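Notes to accompany the following structure.
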Amino acid sequence: MTASIGVARTREWLGRNRLGHIEPSALLVERLAARRRGNRINVGTVLAFFVILGAWSVTTGRSGSAFDPDETDVSGLVFFVLTNVALILALWAGLWYAYRAERRLLAASRTRTAHPAAAGVARVLGRSHLAAVLVVHGGGLLLGAATALLAPRPPDRALALAFLGSVALLSVLSGLAVAGVLRRPSVAEDSDSLLVDDVLRTQDTRAAVAPFPILVALVAGVGSTVGSWLIWSFLAYAGLGCVCWAYAELSARRTAPVPAGIR
């Protein structure tokens, strides 16, 4: 019964990712099962973080709201960034567990298939997602630096610097996660499982570069001084980032999976 459920879930995943022509293999069934367990670790890590965060808020007397900083306090923004950092670290924990299981599967496999050369980040991530990442992460860094230089009031400058540091931290963590995904060896035994491996790698890469800076910009905009031009700067950046990311997601859904080794 358990095996049949695993095969059924694998068929559902293949159909959802436009790979319905591929028959579920024992390797793929095991990989997806390991990833589901990794997702549970991901969720558990996030829940543990919020429990610790809630306990800390109670003991220190903080409300824990990231949307209520006053005009001279950026702690609400920092509080919110820590939540995003926890989400990235939770993603690392889930991927680490899944990759450990995949290495065991790879060691037990008698045959292995791989591309002759590793694909670059643009090929794995996709051009539309790469452009969205440059807008969200690169644009966030530029916005933070520009607002920090141009802000006339010390509270606004402090908020801009906090935003800049937050985006830089999130970008570094996302970049490290992407590097780990790209270095992961292929877990495949034929051309079909290699195509599946490419799709999983792409999904992992896109998850690692989730547009957290957009959320940080929204919080920074809410924390800006009422009437300040910083509000419109942060909100305009967030709006542009949302449009770019939505376009990238829609483009990815209309594009059939292509092996990363094909250029």
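The values are calculated or read from the model by the stated rules, or taken from the named source; none is laboratory data. Keep in mind it's a predicted model, so treat the numbers as computed, not measured. Here Cβ is always computed from backbone atoms with ideal geometry, including for glycine, and neighbour counts include all displayed protein chains. All accessible areas refer to the heavy atoms of the entire protein, side chains included, with ligands and DNA or RNA removed. Shrake-Rupley method; radii C 1.70, N 1.55, O 1.52, S 1.80 Å.
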Subject >> Solvent-accessible ranking of Leu182, Leu200, largest area first, probe 1.4 Å >> reply: Leu182, Leu200
Original post:
For the range 109-155, what class follows from the C-alpha gyration tensor (a ≥ b ≥ c being the square roots of its eigenvalues): rounded when a/c is under 1.5, otherwise prolate if a/b is larger than b/c, else oblate?
Top reply: prolate
**OP:** Using the Cα centre as the reference, give the magnitude of the dipole from point charges on the C-beta atoms of the range 164-207 (Lys, Arg: +1; Asp, Glu: -1; all else neutral), rounded to the nearest 20 debye.
**Re:** 360 debye
Original post:
What length, rounded to one decimal in nm, is gained on full extension from Gln203 through to Asn39, with 0.36 nm per residue of separation minus their alpha-carbon distance?
Top reply: 57.7 nm
Original post:
Of Glu189, Glu30, which has the most accessible area with a 1.4 Å probe, and how do the rest follow in descending order?
Top reply: Glu30, Glu189
Original post:
Just from the alpha-carbon atoms, what are the Rg and Dmax of the range 6-60 in angstroms?
Top reply: 17.6, 56
Original post:
Between Glu23 and Tyr247, 0.36 nm times their residue separation minus their Cα-Cα distance comes to what?
Top reply: 77.5 nm
Original post:
Top to bottom by accessible area (1.4 Å), largest first, where do Ile214, Ile231 land?
Top reply: Ile231, Ile214
**OP:** Multiply the residue separation of Ser109 and Ala122 by 0.36 nm, subtract the distance between their alpha-carbon atoms, and state the gained length in nm to one decimal.
**Re:** 1.7 nm
